[in-house]
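Nothing in this text is a laboratory measurement; each read-out follows from the coordinates by a stated rule. If you're wondering where the values come from, they're calculated on a predicted model, not measured in any experiment. Every residue, glycine among them, receives a Cβ derived from its backbone with ideal geometry; neighbour counts consider all protein chains shown.
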Amino acid sequence: MTPATMKAAVLTGFGGPEVIQIAQRPVPVLKANQMLIQNQAASVNSGDARIRSKTVPKGYKFIMSLVFGFNRPRTEILGTVFAGKVTQVGASVTKFNPGDLVFGSTELKMATHSEFVAIGEAAAITHCPDELTPAEAASLVFGGTTALYFIEKSDLKRGERILVNAAAGSVGIAVVQIASQMGAHVTAIASSANHDFLRENGAKSCIDYTVTNMENLTDKFDVIVDCLGTIPYAKHHHLLNKQGRFALVTGTLAEGLAAPFRSVFGMHKIVSGTSFATRASLEKIVKLATSGAIKPIIDATFTLDQIQDAHARIDKGHKRGNFIVKFRPRPK
């Protein structure tokens, strides 16, 4: 029987990790096209930390405030990624049944840092394969779907050279793995402590950003993927070949607005935009994972009660892959 209330990580204001508090909230009431998921795992990623702290690239703070609130949060429960068991289905749901193990993303609706999540049948949700645990499935969503979006938009081809900035993070490591499996030559930018880790995941060469000034680099690449916003196109376009493509995963508002014009009037294509997860992108990730082309990378796991610790570690940077919240089974 579904309980009336659930434990959730509640955003009480904007600021440091301490603004995330554990509280009881009502279990969502289903609409006809929705399912109720009892969460087993969720990810805590950079997007959650940015909303909580309002630490965003230049130009986006006002837009973020419009969406999520100026002084008080409009979104009470953060988190976009979930993995768990279907416990109830609405009257019009046909593709899923109670007992199904599923995973996916609520995107801007968020609310996955809680014991139960309601999501529409047509949303970004799919069945969790037997080869993946819920935690592993959850770890693939944010980085994997973002990496797929930018790799596909960049039209990366076998044999091409790709440079990945912030390569050890959740998006970066997914780009490294997918690009490597596609037959591209991957150069990863990260601190030297992560170089062995990156080579194990497909990087052919590595650059230590603490030692090398990227503006002085003479190497040439077909694709550059900037996952952190620290190698802007304006200062690093010389690293691209004549028909090169620059994937702006993270950048300022001005860089995002300029991207279409640079693509049309400049010598390089600038790939930008927001990569929303879809059922199709999740199913691609499942195929890549079950074939061994990519593997889950989990840096650390936390209980829901420890979610402040996860936010604090994200604020410090240097995360390898993903942080996962594992939910304890509710007492029967």
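Taking every DSSP helix (H) stretch of at least 4 residues in the chain, weighting each as -39,500 (n - 2.57) and dividing the sum by the residue count yields a mean residue ellipticity at 222 nm of -8500 deg cm²/dmol. In a reduced charge model with +1 at each Lys and Arg Cβ and -1 at each Asp and Glu Cβ, segment 205-262 shows a dipole moment near 240 debye about its Cα centre.
Approximating the spin labels as points 7 Å out from Cα along Cα→Cβ, the Ala32-to-Leu108 distance works out to 2.5 nm. Within straight-line reach of Lys157, meaning a Cα separation under 12 Å, sit the following aspartates and glutamates at least 8 residues removed in sequence or on another chain: Asp222. The length gained on full extension between Arg279 and Ser205, counted as 0.36 nm times the residue separation minus their Cα-Cα distance, comes to 23.3 nm.
Figure the gain on full extension for Gln21 and Ala193 (residue separation times 0.36 nm, minus the Cα-Cα span) and round it to one decimal in nm. Don't jump to the answer; show the numbers that get you there.
On the way: separation 172, 0.36 × 172 = 61.92 nm, distance 3.33 nm.
That pair, Gln21 and Ala193, stretches by 58.6 nm at full extension.
Taking the dipole about the Cα centre of the chain, with the C-beta of Lys and Arg at +1 and of Asp and Glu at -1, give me whichever of Pro73, Thr2, Leu156 is farthest to the positive side. So the residue furthest toward the plus end is Pro73.
Charge dipole of the chain (Cα centre as origin; +1 on each Lys and Arg Cβ, -1 on each Asp and Glu Cβ, all else neutral): 480 debye, rounded to the nearest 20.
Which of the trypsin sites (Lys or Arg not before Pro) across segment 132-225 are loop residues per DSSP, with 16 or fewer other Cβ within 10 Å?
Counting only loop positions with at most 16 other Cβ atoms within 10 Å, the trypsin sites (Lys or Arg not before Pro) in segment 132-225 are Lys157, Arg158, Lys204, Lys220.
Only beta bridges with both residues in the chain are counted; by DSSP, about 60 percent of them are antiparallel. If you run the Gaussian network model on the chain, springs between alpha carbon atoms under 10 Å, then out of Val86, Val19, Val223 the most flexible one is Val19. The relative contact order of segment 142-271, computed from alpha carbon pairs under 8 Å that lie at least 6 residues apart in sequence, is 22 percent. Of the GluC sites (Glu not before Pro) found in segment 126-180, those in coil by DSSP whose Cβ has at most 16 other Cβ atoms within 10 Å are Glu131. For segment 196-240, the residues whose amide N sits under 20 Å from a probe point set 7 Å from the Cα of Glu131 along the beta carbon direction are 200-203.
What is the ratio of the Cα radius of gyration of the chain to 2.2 N^0.38 Å, with N the residue count, to two decimals?
Details: Rg = 19.9 Å, N = 332, 2.2 N^0.38 = 20.0 Å.
That works out to 1.00 for the chain.
Here the spin labels are modelled as points 7 Å beyond Cα on the Cα-Cβ line, and at Glu152 and Thr212 they lie 3.0 nm apart.
Got a sec? Charge dipole of segment 197-253, +1 on Cβ for Lys and Arg, -1 for Asp and Glu; which of Leu228, Cys206, Thr218 is way out at the positive end? Value computed over the given set: Thr218.
Be a star and scan segment 33-59 for residues whose amide nitrogen sits under 17 Å from the point 7 Å along the Cα-to-Cβ vector of Arg328. Residues passing the 17 Å test: 39-42.
Of the beta bridges in segment 142-271, as assigned by DSSP with both residues counted there, near 0 percent are antiparallel.
Could you compute the FRET efficiency for Lys95 and His237, with r as their C-beta to C-beta distance and R0 at 35 Å, rounded to 0.05?
Numbers: r = 46 Å, r/R0 = 1.30.
Calculated transfer efficiency: 0.15.
Of the chymotrypsin sites (Phe, Trp or Tyr not before Pro) found in segment 50-79, those in coil by DSSP whose Cβ has at most 13 other Cβ atoms within 10 Å are Phe70. Going 7 Å from the Cα of Leu253 in the Cα-to-Cβ direction, what parts of segment 58-80 have a backbone nitrogen less than 12 Å from that spot? In segment 58-80, the label zone of Leu253 (backbone N under 12 Å from the point 7 Å along Cα→Cβ) covers 58-67.
Can you tell which of Ser192, Ser180, Met267 lies farthest toward the positive end of the dipole of segment 162-273, using +1 and -1 charges on the Cβ of basic and acidic side chains (Lys, Arg; Asp, Glu)? Of the listed residues, the answer is Met267. Here the gap between Lys295 and Phe70, fully extended at 0.36 nm per residue and compared with their Cα-Cα distance, gives a gain of 77.1 nm.
With a sphere of radius 10 Å drawn around the Cβ of Ser263, what net charge do the other residues whose Cβ falls strictly inside it have (Lys, Arg +1; Asp, Glu -1)?
On the way: positive: Arg245, Arg262, Lys269; negative: none.
Neighbourhood net charge equals +3.
Shown for the chain are the DSSP H helices of 18 Å or more along their axis, judged by Cα atoms, with a mean Kyte-Doolittle hydropathy of at least -0.5: 134-154, 253-265. May I ask for the percentage of alpha-carbon pairs in segment 142-271 that lie more than 23 Å from each other? Summing the P(r) tail past 23 Å for segment 142-271 gives 22 percent. The magnitude of the dipole of segment 51-144, with charges of +1 and -1 set on the Cβ of Lys/Arg and Asp/Glu and taken from the Cα centre, is near 740 debye.
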